[in-house]
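Accompanying notes for the structure given below.
The values are calculated or read from the model by the stated rules, or taken from the named source; none is laboratory data. This one's a predicted model, so the numbers in the text were calculated from it and none came from an experiment. Counting neighbours? That spans all protein chains shown, and the Cβs are built from the backbone with ideal geometry, glycine included. Accessible surface is based on the protein model in full, side chains and every heavy atom, while ligands, DNA and RNA are left aside. Shrake-Rupley method; radii C 1.70, N 1.55, O 1.52, S 1.80 Å.
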Amino acid sequence: MSNVVSALDGQVAPGEVTVRELGLRGMITLRGDLSSRKLQNICKKLTGVAFPKQGGVASEGDKGLAWMSPDEVLVMVPHAEAAPAVAAIEAALKGEHFLAVNVSDARAVFSVQGAFSREVIAKLAPADLHPDRFKEGMMRRTRLGQVAAAFWMVDEETFCVICFRSVAEYTFGLLKASAGAGEVGYL
Amino acid sequence: MLILRCPYCGVDVDETDLHGGGEAHLKRFGPGSTDDEFHDYLFMRENPKGVHFERWQHSYGCGKWFLAARCTATLEVFGTYPAQTTEPPKEVVEAIKAKRPNWEVL
Ligand SMILES: [Zn+2]
């Protein structure tokens with residue numbers, strides 16, 4: 001068995017807003033008919049969270065479901081459970097038109113935690129992060145600086161950010177610089 | 001700066017998260033058409049100063065293509081709608097006419 005490590009091996013940038021690489025996480029890209037009862041049920045069974053509506057996300061620790069597009073949902077599970085989860089999806093959706101791929105090792109995950117975490121993200125993404133517009137339970141796919149990323153709020157002061165593993169170092173540096181530059185005081 | 005609402009995600013998306021795909025509602029001329037028709041389909045575009053229908057892809061988001069009606073001079077957006085639409089929807093045409101009374105559907 002190979003020794004699997006995450007891109008930045010849990011690197012932390014402490015501060016008023018702390019940026020932390022969260023290590024390995026199981027992620028499965030599942031495309032198919034999101035209104036299918038079978039598809040929703042297997043997603044709920046694997047993660048224990050509610051199936052998200054348009055633009056929504058639900059997460060609990062390492063587990064979660066995120067709406068990625070009208071025909072795509074991201075299934076998150078602990079890293080070691082990703083391969084068995086793909087097998088479980090394939091068994092549950094046999095006969096349906098779908099695609100399930102284990103993308104765990106193509107991704108990096110970060111938390112951005114602190115009082116002005118909202119502004120740390122807002123400085124980097126062309127998305128409206130006003131508290132009235134972006135709230136817990138929403139998933140946003142956009143970019144941070146020059147790279148594609150997605151984020152959601154775990155609680156009022158914590159964002160979870162995902163990006164491609166190949167740009168993990170850039171994303172970490174970007175979040176660290178944005179956090180280190182301090183609060184803007186606008187949001 | 002141009003901001004369009006992705007009809008699939010329901011969120012307002014900045015131009016830098018999108019990829020432009022040129023004029024919308026083109027009629028395709030392929031095998032069996034005349035050379036002139038094929039030439040026009042490939043190369044001839046409206047390019048108006050004013051109301052324009054365009055294809056856009058939410059490339060940094062859901063990845064889907066959608067259509068938008070906007071003014072090329074003011075960047076005012078009249079509406080966005082799914083790509084599986086062969087002509088501008090009634091509500092978009094009405095929104096344009098409310099702002100541009102002299103505008104006519106081509
Ligand atoms: Zn979209």
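Some notes on this structure:
- When only Cα pairs below 8 angstrom with a gap of at least 6 residues are kept, region A:26-105 shows a relative contact order of 42 percent.
- Within the listed set A:SER35, A:SER117, A:SER104, the Gaussian network model of chain A (springs between alpha-carbon atoms below 10 Å) gives the highest mean-square fluctuation for A:SER35.
- Rg ratio (alpha-carbon, reference 2.2 N^0.38 Å) - the protein assembly as shown: 1.15
- Ranking of A:LYS94, A:LYS63 by solvent-accessible surface, largest first: A:LYS94, A:LYS63 (1.4 Å probe, protein heavy atoms only, all chains present).
- Top of A:VAL103, A:VAL154, A:VAL73 by mean-square fluctuation, Gaussian network on chain A, Cα under 10 Å: A:VAL103
- With a 10 Å cut-off around each Cβ of B:58-68, the average count of Cβ atoms from other chains is 4.
- Based on DSSP H segments of at least four residues, each scored -39500 (n - 2.57), chain A has a per-residue ellipticity at 222 nm of -6500 deg cm²/dmol.
- Taking Cα centre as origin and charging only the Cβ of basic (Lys, Arg, +1) and acidic (Asp, Glu, -1) residues, the dipole magnitude of region A:71-187 rounds to 320 debye.
- Model label zone, B:VAL105; criterion: amide N under 14 Å from point 7 Å along Cα-to-beta-carbon; scope region B:71-92: B:85-92
- At a Cβ-Cβ separation cutoff of 4.7 angstrom, cysteine residues of the protein assembly as shown with no neighbouring cysteine are A:CYS43, A:CYS160, A:CYS163, B:CYS62, B:CYS71.
- Spin-label model distance (nm) - B:HIS25 vs B:THR74, 7 Å beyond Cα toward Cβ: 2.0
- Inter-centroid distance (Cα atoms) of region A:1-80 relative to region B:29-70, Å: 37
- Residues of region B:34-68 with amide N under 18 Å of the 7 Å Cα→Cβ point at A:HIS97: B:64-65
- Calculated FRET efficiency for the pair A:LEU22/A:LYS45, C-beta based, R₀ 35 Å, to 0.05: 0.90
- Largest to smallest in accessible area, the residues B:LEU26, B:LEU67 fall in the order B:LEU26, B:LEU67 (1.4 Å probe, all protein chains included).
- Options A:VAL86, A:LEU39, A:GLY55, ranked by Cα towards positive dipole end of region A:26-105, top entry (Cβ charges): A:LEU39
- 13 Å beta-carbon shell around A:THR18, net charge (K/R +1, D/E -1): -1
- Of the complete DSSP H runs in chain A, none spans 27 angstrom or more by Cα along the long axis with a mean Kyte-Doolittle score not below 1.0.
- The calculated FRET efficiency for B:LYS49 paired with B:GLU87, based on their beta-carbon distance and R0 = 25 Å, is about 0.65.
- Computed with a 1.4 Å probe on the full set of protein chains, the accessible area for A:LEU22 sits at about 70 Å².
- Sites B:TYR41 and A:ALA80, calculated FRET efficiency, Cβ-Cβ separation with R0 45 Å, nearest 0.05: 0.25
- Each residue of region A:129-135 was assigned a 3J(HN,Hα) from its phi angle through the Karplus curve 6.51 cos²θ - 1.76 cosθ + 1.60 (θ = phi - 60°); the sequence is 10, 4, x, 6, 10, 10, 10 Hz, with glycine and proline shown as x.
- Solvent-accessible surface (1.4 angstrom probe) belonging to B:HIS19, in square angstrom, nearest 10: 90
- Each residue, B:ALA98 and A:SER35, gets one label point 7 Å from its Cα in the Cβ direction; the gap between the two is 2.8 nm.
- Positive-end residue, region B:46-106 charge dipole about Cα centroid, Cβ charges, pick of B:VAL92, B:TYR60, B:TRP103: B:TYR60
- Estimated distance in nm for a label pair at B:SER33 and A:VAL147, the labels positioned 7 Å out from Cα along Cα-to-Cβ: 4.2
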